[in-house]
1. Got a number for residues in the stretch 117-156 being within 13 Å of the ligand (Cβ to nearest atom) and hydroxyl-bearing (Ser, Thr, Tyr)?
2. Is there a residue being buried (at least 16 other Cβ atoms within 10 Å of the Cβ) and within 26 Å of residue 198 (Cβ to Cβ) anywhere in the stretch 18-29?
3. Here is a list: 42, 55. Which entry is farther than 15 Å from residue 241 by Cβ, at pLDDT 95 or above and within 15 Å of the ligand (Cβ to nearest atom)?
4. For the stretch 157-166, which positions are within 12 Å of the ligand (Cβ to nearest atom) and either touching a Lys or Arg at 6+ places or on another chain (Cβ under 9 Å) or not assigned by TED's automatic domain parsing to the domain that holds residue 63 (or both)?
5. Can you spot a residue in the stretch 194-202 that is modelled with pLDDT of 95 or more, open to solvent by less than 10 Å² (accessible area, probe 1.4 Å), outside the structural domain of residue 364 (by TED's automatic domain parsing) and of a type in the set (Asp, Glu)?
6. Exactly one condition in (1) open to solvent by less than 30 Å² (accessible area, probe 1.4 Å); (2) away from the ligand (no atom under 14 Å from the Cβ) is not met by residue 86; state its number.
7. Does the stretch 287-320 hold any residues that are touching a helix residue (DSSP H, G or I) at 6+ places or on another chain (Cβ under 8 Å) and small (Gly, Ala, Ser), and which are they?
8. List every residue pair whose Cβ atoms sit under 6 Å apart, with the two residues 6 or more apart in sequence or on different chains, where the first one lies in the stretch 297-318 and is on the phi > 0 side of the Ramachandran plot and the second, anywhere, is open to solvent by 10 Å² or more (accessible area, probe 1.4 Å).
Amino acid sequence: MPLQYYHRYTVPDHVKQKVLDVIDRNIHYLGPYTDALEAGLATRFQKKHAVTTNAGSGSLLLALHAMGIGPGDGVIVPTATYAGVAEAVVHAGATPVLAECEPDTGNLDFERIDAAWSPRTRAIILVHQYGHPADIDPFVALARDKGVWMIENCSHAFMAKYKGRPVGSFGHVGITAMSHKHLTVAGTGGAAFTDDDDLAHKMRMMRHHGNWGSTPDEMYNTRMFGYKMYLNEVQACVGAHQLDTMDEWIAARRRNAALYTQLLQRAGVPVEVTEEREYAWSSYLHFPLTTDRRNELRAYLNANGIEAKAHYVRPIHLHDAFQAKFGFERGMLPISERFCDRVMSLPVAPHVTEEDVQRVVDRIKAFFANA
Ligand SMILES: Cc1ncc(COP(=O)(O)O)c(C=O)c1O
């Protein structure tokens, strides 16, 4: 039986019944399940507001707009991450300024942030890559000293903790994606969290063409330019249910990750795995490892029924569209380039059992033994 990478979550019958009720009741968006999901998210991220949207990149775009970021502004983004992060900056009309990652965690490297800094810098997007929190404190202090915005991207790090506190609760805004992530909401979604009433209000308005409200005058008066970017009630219903099982799911991810770390370190194979830093409590959306033979190892595992993945094989500055628009070139950010050339991820989601982990490690040992 092939070992699937993404979470094989099941939707219990009582939740399916609620989904049918959503369809029957004709409240298809921004109804009670969206309220319930947002309340649950705000509590978990320890923020006053949670604003759901149709995608993580949508939430990023709304946050940037709400902050007033646009043409002439620079936004610092790690290059070794999902290109949609920098794409949101481009859509806001600002310039993504790409920065180096740490060679082991893949997170934005504070020691190298100076190279990306300029008088035009208006915001930093800190991505907690693969689930392991970035070292948040120095970034918060820098943002405060320089008077720039800080957005935490928790798409991989739902409920991960930095010094005991949930990631996403430190920046002006935290965002998360909800497709093939810890939450999947039966499709695709996003959310932003903030204590700032003004930012929350603007994001709420902009996800619905800038005209949300309960009276006809409010509903048909575009008060700011926005988009159609909300989550539908079926997704919110499934998402609210998934929140209830999240602690269990993260515990299973952490159990699998601890076992991989232990077995791989003991195996003496030429792969590097990152142990959690002392400030970090990872929620392991992925279990990354780095190795010189990434492509061959991944192909071997896949051929042996183990769905290993490599997500960001190209740092953002080597994507065609970014090179064409900004003239980025290979060699510009060598640590991230090397990281992206060598990183891959093993299945770690809650459906993966301890026997599965053992099987994956046995296969990795066999690969290197036969090499
Ligand atoms: C780090 C990161 N940020 C943002 C996103 C954007 O999410 P979406 O695809 O929902 O726009 C993703 C999606 O994979 C991601 O991995």
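1. 2
2. Within the stretch 18-29, one or more residues are buried (at least 16 other Cβ atoms within 10 Å of the Cβ) and within 26 Å of residue 198 (Cβ to Cβ).
3. 55
4. Correct list: 158 only.
5. No: zero hits.
6. Result: residue 86 passes all but (2).
7. 308, 310
8. Hits for this filter: 305/2.
The values are calculated or read from the model by the stated rules, or taken from the named source; none is laboratory data. Model, not experiment: these values are computed from the prediction. Neighbour counts run over all protein chains shown; Cβ positions are idealised from the backbone, glycine included. Side chains included, ligands, DNA and RNA excluded: accessible areas come from the protein's heavy atoms. Shrake-Rupley method; radii C 1.70, N 1.55, O 1.52, S 1.80 Å.
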